[in-house]
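Participant: Structure incoming, see below.
The values are calculated or read from the model by the stated rules, or taken from the named source; none is laboratory data. Source: prediction; values computed, not measured. Cβ placement follows ideal geometry from the backbone for every residue including glycine, while neighbour counts extend to all protein chains displayed. In case anyone asks, the SASA skips ligands and DNA or RNA and just uses the protein heavy atoms, side chains included. Shrake-Rupley method; radii C 1.70, N 1.55, O 1.52, S 1.80 Å.
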Amino acid sequence: MNTLSRSEAWQADRDHFVHPYTDFTTFHDTGSQVISHGDAMFVTDEQGQSYLDGIAGLWCVNLGHGRTEIAQAMADQAMRLGYYNTFGHSTNVPAANLARQLAERAPGGLNHVFFTTGGSTANDTAVRLAHFYFNRMGKPSKKKILSRNNGYHGSTYFASALTGIHGIHYGFDRISQDIVHHLSAANCYRRPDGMDEAQFCDFLIDEARHRIEQLGADNIAAFIAEPVMGAGGVLVAPAGYHRRMAEVCKDNDMLYIADEVVTGFGRLGHWFASENHFGHVPDILITAKGLSSGYCPIGAAIFSEKIYEGISKPQGPGGTLSHGFTYSGHPVACAAALKSIELYEAEDVFTNVRDTGPYMQDRLQGLLRHEVVGDVRGDHLMAGIELVADREAKRNFPPDLAAAEVVFRRAREHGVIVRPVGDTIILSPPLIISREQVDTLIDGLDQAIEDVSGQLLSRAGT
Ligand SMILES: Cc1ncc(COP(=O)(O)O)c(C=O)c1O
C-alpha cells in the first residue's frame, strides 16, 4: 500500500521510523508532526494547518516548496535514464554538465568536482582525498585536521568527529581524537571580556598559529570551517578572520576546506560565500543542500587544480582513486541541481537575498526588546537568536527548560516554523521570501517570545 491515512502515518512513523536527532524522552508520547504539502514559502501538515517555513526544510529548500519545474526535470531524467553508475570511465549527461556548471561558478581555480550523496559524505570525501593528496606528494605525515568548537560538519563517523558541537557526542564514542583538533569558535557574543572584535580576531589567529606550532605543521593536512557557523548557533566570525586563516593555511602548507553546505547557493547572496563575501579562495569547497534546493540528495566536494594534479597522477598499473558512492553523480539528482541553477539565475534569486537578507537582520534587532533575548546575529538569510535567563551574565536557561523548544512550539501556534538548537532559535527561510513574509515570520516569532518569556524566567528563578 502506497498511501496511509493521517493516523496510520503517525502510527507507522512512531513504531518504525528512527529519526535523526530524536528526543526519546517525548517521542513515544508525541510522535511526529506529519508534513504533507509544500507550496512556495509554506508547508501544510496532515491536520490541514499551514505554516510559513522559516527554515527552508533544513536550510535547503532555497527555491521554495512545490516547484513543478524541478519535479518535471527529475521526472524527465528518470524516464530517460533513472540510474547508471559513474565509477571508472562511465558517466551520464547531467553529471558531466553539472560538474562543468559548478566549476564555472566555484571561486578561483576550483575546477574538479567529486559528487556525493550529501554534506557529510562530501566532508568525508574532502578529508580522505586530502590525506591521499599528501600521500601522493610524499608528505604522508600530514594527517591532522583543525576544526572548530561549535562547527557542524555532519553525521557520518568522520564528519561527526569533525563536528565541534560537543553536546551531540554525548553517549557516543569519539573516534579520530588523535587526528581532529578543535580550535575556539569564532563566537563574538561570548568572546573574552574586554576584547573588541578586532582583538578577538587576533586572539583566534594567534591561537591557530600556536596550535599548529604545538602539533607541527608537518603533521597537519587541513583546516575545515563553515564561512558562517550554522547548526552551532549561527556564529559570524570577526571581520578578516577567514582571509587570515587562509594565510595561516598557506604559511603552513595546509589545505583550507570551506564547508559551504549552508552558505552556498545564495544564502549569503552569492553562489558561494568564501570569495565573494569573505575574500579568500579555499582549496576544497563543500556544497550540498541548496545545490538541488533540497529536492534530491546530492553533495559535492570541489577541488583546486593543484589537488587534482596530485590525486590524478597515475599510480601505476591497477592503481585507482579508490573512493566513491553508488549514487555519485546520480542523474536524477544532477537534473534537480541543474534545474535549480537555472531557476536561481532566471528568477534573480540572489538579488532578492541581497534585499531581504539585510532587511531581515535589521528587523530581528527588534527582538532585543525581550529580556530573554541575549543576542541576535546572522548574515543575510541566516540568523540566530540566543535566549538567556540572565542577559547581564549571558547565562543560558537550564537545559531541562528547553527554552528554545518552548519558543519553537509557541511560534508554530502563530503559524511560523523556526528551529530550536540548544538555546538558539535559528532562521533560514527559502531565498524567495518577500519583505512582507519576513515581517510575518518575525512578528510570529516576536509574539511567541512575548507569550512564553515570563513563564521561562520564573521557571528559571530569574
Ligand atoms: C555546514 C554543514 N556541513 C555538513 C552538513 C551535513 O550535511 P548532510 O546532512 O547532508 O550530510 C550540514 C548539515 O546540516 C551542515 O550544516
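Participant: Mind counting the residues in the range 236-258 that are open to solvent by 10 Å² or more (accessible area, probe 1.4 Å) and within 16 Å of the ligand (Cβ to nearest atom)?
Facilitator: The number of residues fulfilling the criteria is 2.
Participant: While we're on this one: Contact list please: Cβ distance under 9 Å, first residue in the range 83-95 and farther than 19 Å from Ala337 by Cβ, second residue modelled with pLDDT of 95 or more, pairs at least six apart or on different chains.
Facilitator: From the range 83-95, the pairs are Phe87/Gly324; Phe87/Thr326; Phe87/Ser328; Ser90/Tyr84.
Participant: With the requirement that a residue be open to solvent by less than 10 Å² (accessible area, probe 1.4 Å) and among the β-branched types (Val, Ile, Thr), what does the range 351-372 give you?
Facilitator: Once the filter is applied, which keeps residues that are open to solvent by less than 10 Å² (accessible area, probe 1.4 Å) and among the β-branched types (Val, Ile, Thr), the range 351-372 yields Val353, Thr356, Val372.
Participant: Test Gly319 against the stated conditions and say whether it is touching a Lys or Arg at 6+ places or on another chain (Cβ under 7 Å), in the same structural domain as Ala231 (by TED's automatic domain parsing) and under 28 Å from Asn92 (Cα atoms).
Facilitator: So Gly319 does not fit the description; no.
Participant: Got at least one residue in the range 143-160 being modelled with pLDDT under 95, assigned to a helix (DSSP H, G or I) and within 16 Å of the ligand (Cβ to nearest atom)?
Facilitator: Checking the range 143-160: not a single residue is modelled with pLDDT under 95, assigned to a helix (DSSP H, G or I) and within 16 Å of the ligand (Cβ to nearest atom).
Participant: A further question on this structure: Filter the range 429-450 down to residues that are under 21 Å from Gly294 (Cα atoms) and of a type in the set (Ser, Thr, Tyr), then give me how many there are.
Facilitator: Looking only at that region, the number is 1.
Participant: How many residues does the range 117-142 contain that are away from the ligand (no atom under 14 Å from the Cβ) and within 18 Å of Ile286 (Cβ to Cβ)?
Facilitator: Here the count works out to 6.
Participant: Counting only residues that are open to solvent by 10 Å² or more (accessible area, probe 1.4 Å) and within 16 Å of the ligand (Cβ to nearest atom), which one in the range 260-270 is farthest from Thr351 (Cα to Cα)?
Facilitator: Val261
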